[in-house]
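Structure, as structure tokens:
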Amino acid sequence: MNHELIIKLFREKLVLNQIYSRIELDDLIQKNLGISINITALTYNRWNEGMNETLCLFEYVDRAKYKFIDTEEISKFTGQVSHFPQGDGKEYLIGNFKKGKMNYLNGVLNFKEWKKTKDTGARIISEGTKFEVEKEGQFFKFYISDGITKDFKDGYGSIGINSALGREFIGKKVDTIINFIVISILLKKSFKLNEIF
């Protein structure tokens, strides 16, 4: 992958901090460079083990949506870095960017070392996760969905990934204490999360 050509193309054709779809970016790259690139491999916050290197040009915002941040803007960003191991279907936290510097979990020092480690990271809640929230012996069952209501016979309630409650859960580590509000049911209390699915 020729970093200079890719960076030049995006700086000429994209607007800083604007969100683009995967299709728009794929078309731009194909028309101008005649190649295909996994756009996720160009994000600072969503990585995969199949990547050979990191080139932080985008922030992964949502399914197939990417915010152009450019390499020069990365020093301003703070946030989680996660990955989905191939065939696993679950999202894991592998580290955090703090003002542009990557801090890996579990003593990993750099990208090459992370690729070699068998440690998947810390399991976090993402789209498709079923989990229970427990408070004082009461359990509430939730499923994070893409907005399509699913009818579960096992008592799980569907929470839209972009809803206020869904945004509270997304990215939180499983087995941590969080605070949230469930309208008409609960008032700002701490709950322990237990992954089910």
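Just a few scattered comments:
- Annotation: of all residues in the range 117-140 being assigned to a loop (DSSP other than H, G, I, E, B) and farther than 22 Å from M51 by Cα, the one that is most open to solvent (accessible area, probe 1.4 Å) is E136.
- Every residue from the range 24-46 that is within 27 Å of Y92 (Cβ to Cβ) and not basic (K, R): L25, D26, S36, I37, N38, I39, T40, A41, L42, T43, Y44, N45
- Search result, residues across the range 93-104 that are buried (at least 17 other Cβ atoms within 10 Å of the Cβ) and touching a Phe, Trp or Tyr at 6+ places or on another chain (Cβ under 9 Å): I94, G95, F97, M102, Y104
- Checking each residue of the range 102-116 against the condition of being within 17 Å of the chain's Cα centre (by Cα) and more than 17 Å from M51 (Cα to Cα) gives at least one match.
- Residues located in the range 91-126, provided they are farther than 27 Å from D70 by Cα and in contact with a strand residue (DSSP E or B) (Cβ under 7 Å, 6 or more places away or on another chain): T120, A122, R123, I125
- Residue match in the range 57-64 (condition: among the acidic types (D, E) and under 22 Å from I161 (Cβ atoms)): yes
- Whether a residue is at pLDDT below 85, within 19 Å of the chain's Cα centre (by Cα) and open to solvent by less than 70 Å² (accessible area, probe 1.4 Å) was assessed, and K90 passes this test.
- Among the residues making up the range 1-47, a single one is in contact with a Ser or Thr (Cβ under 8 Å, 6 or more places away or on another chain), touching a residue at least 12 places away in the same chain (Cβ under 8 Å) and open to solvent by 40 Å² or more (accessible area, probe 1.4 Å): D26.
- Filter result (closer than 24 Å to I124 by Cα and part of a loop (DSSP other than H, G, I, E, B)) within the range 1-51: N38, Y44, N45, N48, E49, G50, M51
- Flag if E91 is at negative phi and of a type in the set (D, E): yes
- Scanning the range 61-92 for residues that are more than 15 Å from I39 (Cα to Cα), aromatic (F, W, Y) and part of a strand (DSSP E or B) gives a single hit, Y92.
- Single condition Y66 does not satisfy, out of (1) open to solvent by less than 30 Å² (accessible area, probe 1.4 Å); (2) farther than 19 Å from N48 by Cβ: (2)
- Residue check for N96: closer than 21 Å to I124 by Cα, under 13 Å from the mean Cα position of the chain (by Cα) and at pLDDT below 85: no
The values are calculated or read from the model by the stated rules, or taken from the named source; none is laboratory data. Only a predicted model underlies this, so the values are computations on that prediction, with no experimental measurement involved. So basically every Cβ, Gly included, is an ideal-geometry build from the backbone, and we count neighbours across all protein chains shown. Heavy atoms of the whole protein, side chains included, go into the accessibility calculation; ligands, DNA and RNA do not. Shrake-Rupley method; radii C 1.70, N 1.55, O 1.52, S 1.80 Å.
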